[in-house]
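Everything on this sheet refers to the single structure shown next.
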Amino acid sequence: MKIEKINFDQIKEKLVSLSPVTFSQEYINFCKNFWQAEPIFLGFFKNGEIAAVALIYKRKENGLVYLDSGVKLYSEIIYFKELSVDFNELIGFIIKNYKFDILEFSFCQIINNKNIEYKKFSQNTSAYVLGAGDIKKYEELLAGLNKKTRNQIKAAEKYNLELVVSQDIELFYPVYLETMLRLKAKPKEKKYFYDLLNAFSNNFYLILAKKDGKIIGGNLFVIKNNYLMLMFNVSFREYWKYNVNDFLYWEMLKFGLEKSIRWFDFGINAKRDRDQIHFKEGFGAKPYVINHFVKINSLKAWFYVNKRKMFFLIKLVLRRIKKIFLWTINLKN
């Protein structure tokens, strides 16, 4: 196996039928604009011909130089021929040719459903994806869904939720902001969404749910060829009684089938996200393991990464203590 840096034009035509969003020119443009991330295409050659390619981004964040495979998102190694990638050789090539503080891989083989092996990979998260295969009519898709999910979709129809298909970020953002605050997560600035819209243009979509004149939930997704990637699913909690999220997912699936989508990527979940996983599996999604690897290449990066790990562990412990405390109070009452 030989590794070389290649140009996007060398593989552009080969990618048409594979359709990964993260390899699209649109996503590359988005990463350039929002994160100032430079794409690096690494080709794997076998017998003088390109057999596979990995996309790595170089960017700066918090004073550190990152090389990562997805910029806060998983990506794939795209295979054109049968090949077993030697990750020790790949890491050695990167170390020899590029300066960095942190190297991070998050490879998830969805379209190229090929097992990739490296003993240093951790596999604590998965992407949940519905492969539609030859299904073209949503009635056929509905029949194949989990019975409980079908019932929830039918129940949502009785609540007279209004469907809005839009690109209006201002309609979406208040629901997104409230959802992030409820989840105690740091919300993204509006620029993120406008850069995403500018990059994907007509392939950027918002499926919104409206009740009594108010936007109560939304799915934001992008499309490349026959691949749909759900970026955000948000909703006001007080409207969950109307099965708003079932409505959003189902309308998104119907919309996608009309666009000849074959892959519906519902996004990442950790093993502890049982409720979300159950929900996505109800819509036919299957887990595709994410192979994760991090290499720390400087003392500054080591202190930064371990400080973040410490804060995360403290947060988890405090949440657990709070749950136990509330449980104890409920028992006494």
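Laboratory data are not the source of any read-out in this text; all were calculated from the coordinates shown. The shown structure was predicted, so the numbers you read here are calculated from the model rather than taken from an experiment. Virtual Cβ from ideal backbone geometry, glycine too; neighbours counted across all protein chains shown.
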| said: Given axes a ≥ b ≥ c from the Cα gyration tensor, I'd like to know whether segment 134-261 is rounded (a/c under 1.5), prolate (a/b larger than b/c) or oblate. | reply: oblate
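Tell me, what does the Kirkwood hydrodynamic radius of the chain come to in angstroms if you use every pair of distinct C-alpha atoms?
21.7
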| remark: Ranking C31, Y118, Y98 by how far each Cα lies towards the positive end of the charge dipole of segment 22-150 (+1 on Lys and Arg Cβ, -1 on Asp and Glu Cβ), the top one is C31
| Using unit Cβ charges (K, R positive; D, E negative) and no other charged atoms, how large, in debye to the nearest 20, is the dipole of segment 127-181 about its Cα centre? | 460
| field | Exceeding the 19 Å Cα-Cα cut-off - candidates K72/K191; K186/K210; K186/K271; K14/K81; K99/K295 | value | K186/K210; K186/K271
| note | The pairs in K12/K46; K60/K120; K32/K114; K5/K188 lying past 27 Å Cα-Cα in this model are K32/K114; K5/K188
| task | Take every Cα-Cα distance within segment 12-147, group them into 10 Å bins from 0 onward, and report for each bin the whole-number percent of pairs it holds. | result | 10, 36, 34, 14, 6, 0
| task | Evaluate segment 135-185: find the radius of gyration of its Cα atoms, find its Kirkwood radius, and give the ratio Rg to Rh. | result | 1.11
| request: With a length cut of 24 Å (Cα positions projected on each helix's long axis) and a Kyte-Doolittle mean of at least -1.0, go through the chain and give me the DSSP H helices that pass. | output: 299-332
